[in-house]
Structures are given as C-alpha cells and as structure tokens.
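The values are calculated or read from the model by the stated rules, or taken from the named source; none is laboratory data. Because the structure is a prediction, the values reported are computed rather than measured. Here the Cβ positions follow ideal geometry from the backbone for every residue, glycine too, while neighbour counts run over all protein chains shown. Surface accessibility is based on the protein's heavy atoms, side chains included, excluding ligands, DNA and RNA. Shrake-Rupley method; radii C 1.70, N 1.55, O 1.52, S 1.80 Å.
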Amino acid sequence: MNFFAQQERARTHTKRMLVLFVLAVACIVAALDFVLFLAFGSSGHGVHPGFGAVMFWNSVLVIGIIGACSMYKITALRGGGGVVARQLGATFVEPVTTDFAHKRLRNVVEEIAIASGVPVPEVYVLEGEPAINAFAAGYTPADAAVTVTQGCLDKLNRDELQGVIAHEFSHVLNGDMRLNIRLMGLLFGIMAIWIVGRFLMWGGYFGLGDGRRRRGGGSSGQVALAGVALLAIGAIGVFFGRLIQAAVSRSRESLADASAVQFTRQTSGIAGALK
C-alpha cells in the first residue's frame, strides 16, 4: 500500500473543499448584497445615488458578522482535549496503572507517540460505552487527548487497538482537530446570518401590522421580506456548509487511515478494527 500517495490525495481533496467553503461564504455575501439591492436599492427613477457604497459597507458588515461570530465560537471550543473527555464522563488513565487493559492502552499510546513524533497526549476511557469507538480532541498537539471506549479495550486485540490509536494520532499530527474547530466556527458565523434574518423577519412583520394602520406598512414590508431572504440564504449557506464540512471530514478520515498504516507499518490492525 502506498500510504504516502493516499495521504497526498486526501490532503489535496481537503484543500479543494476548503476553497469551496471560502467560495460559499463569498456567494452568501453576494446574495445578501443582491437582496439589499432589490429591497432598498432601486426606485422609480433608477438606482439610488451612492448605493454602491452602501452595498460595499454591507459586504464589510456581513463579513465582519461572520468573522466575529466564527472567532467567538472558535475561542469557546479551544479548551484542551481533556476538558472534552471529562465532560463526556471519561476516566483518566494514569501513567502508572495496575489495570491490564489500561496499561496496554498506555503502552500503545506511547508507542504511537514515538512513531509519529507527537507528544504523549492525555489518555481517557469511556468505561460505560460497550461500542467500539475513539476520538481525539484538543486544539494543538500540546493540549490533545485521546479517548477510547471500553468496547475498544474489550473487543480489539493489540494490533487492532494500535491501528485505532494510530488513526487518532493522525488527527492530532495533521491538525484535524484545529481544522474541524475552525470549520465549526465558520458554520456558526453563517448561522448568525440566519438568526439575523429571523429577527428582521419577525420585526418587520410586527412593524408591518402597525404600519398598515398608520402608513401602509411599506418600509416594514421591505424589512420583513429582507428578513425572509436572509433567513433563506442563511439556511442554504448552513446546509451547503455542512455538506462541505462532511466532505472535509471524510477526506481527513482517509488521511488518518493511511497515516495509521505509516505509523504501525501494517494494515491488518486498522483493517481489523474497521471490520
């Protein structure tokens, strides 16, 4: 198996998906500018003077909202991997333990840390979970944690456990955790557009109710329609953003499988665990 070729293929696919993510954000900004133009930019005498500057600052505002909300979410998710594991109820595996399964797990983690050149992360076990699963969490290799379920310890032999741990170490080494947190932050920023649209829609609707009695409700109607458009654009953006995120995740999983073969120098472990 040419695991280096598999790794390069996965990295190339990830880069393409990230470009699509950036293009999706650009399309959202362009769509919002178009909605603003339809709602407020034209009149019976053509385009309002100076509306180009309004659209420019609208683009800046939208990008600022997405960026600020993304940074807020990324900051909130940047806690160490041990925090995530403990929140899920996982048990920390001490460096020195008398439990055979925990000792085997620690030995495997330390072996893969040497093979991958990554610092030994914190190790946790979800003791009440009989299914076979594992995850790596943390923003950088320095604060990473690897968690496995009790099912991994009970049902996998040493080679299969080694393959699973090597797979998770790939996520640590290749920055997949950091990448995933950033994508989650961007999705949160796009979702903020949906929230603003809902706010405008309901605000315009209730304003429209009052306006009909007083002024005919023209401006409130425009605000409500703009809110509906923002709601739709935000929802579509989140939908396609999640599709792109899923595609990125799939490519990183392929990269992790290939890296597991590189670290362990055998295919039977990860293949047996997957089966």
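Of note:
- Within region 102-121, one or more residues are on the phi > 0 side of the Ramachandran plot and open to solvent by 10 Å² or more (accessible area, probe 1.4 Å).
- Of all the numbered requirements in (1) at pLDDT 95 or above; (2) open to solvent by less than 20 Å² (accessible area, probe 1.4 Å); (3) in contact with a Pro (Cβ under 8 Å, 6 or more places away or on another chain); (4) not basic (Lys, Arg), Gln150 misses one, and that requirement is (2).
- Options Leu173, Leu161: the member that is open to solvent by 10 Å² or more (accessible area, probe 1.4 Å) and over 30 Å from Val35 (Cα atoms): Leu173
- Checking region 184-195 against the condition returns no match, with no residue being small (Gly, Ala, Ser) and on the phi > 0 side of the Ramachandran plot.
- Residue match in region 212-224 (condition: open to solvent by 60 Å² or more (accessible area, probe 1.4 Å), of a type in the set (D, E, K, R), modelled with pLDDT of 65 or more and within 22 Å of Arg198 (Cβ to Cβ)): no
- Of all residues in region 69-101 being among the aliphatic types (A, V, I, L, M) and over 16 Å from the mean Cα position of the chain (by Cα), the one that is most open to solvent (accessible area, probe 1.4 Å): Val96
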